[in-house]
Amino acid sequence: MVGVLRTTSAMATPQGPVCEVRLLVVHRYQPGVQKLGSIPCEVEFFGRRGKPVKKMRLIPAEKAFAFARKLQGTPGCTVSVC
């Protein structure tokens, strides 16, 4: 046989840049309230520009962790990257 054998098909290789995507969620609590699982809190989702948005948005992992580092330590809130 004459020819070239392929180990992977062309459809299996990624065609563009591959980037992990994450959700950035901030839970805000009332002032003076301990953070417990049963305490109601406001949930904010952040978009690519680092501003709150209404719906959950997937953003690149690098940006999500950078925004989380900036928001870390803000009183009355918990930051999570999912």
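Every number here is computed from the coordinates shown, using simple stated rules; none is lab data. Since we're looking at a predicted model, the values are computed, not measured. For neighbour counting, all protein chains shown are included, and Cβ atoms are generated from backbone atoms with ideal geometry for every residue, glycine included.
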Using alpha-carbon positions, the gyration tensor of the stretch 40-82 gives root eigenvalues a ≥ b ≥ c; with a/c under 1.5 called rounded, otherwise prolate if a/b exceeds b/c, else oblate, the class is oblate
Quick one: if you stick a label point 7 Å off each Cα along the C-beta vector at Ile39 and Arg57, how many nm between them? 2.9
Which ³J(HN,Hα) values in Hz, rounded to whole numbers, follow from the phi angles of the stretch 46-60 under the Karplus curve 6.51 cos²θ - 1.76 cosθ + 1.60, where θ = phi - 60° and Gly and Pro get x? 10, x, 5, 8, x, 10, x, 10, 6, 9, 5, 10, 7, 10, x
Near Gly73, within a Cβ-to-Cβ distance under 15 Å, what is the net charge of the other residues, with Lys and Arg +1 and Asp and Glu -1? +4
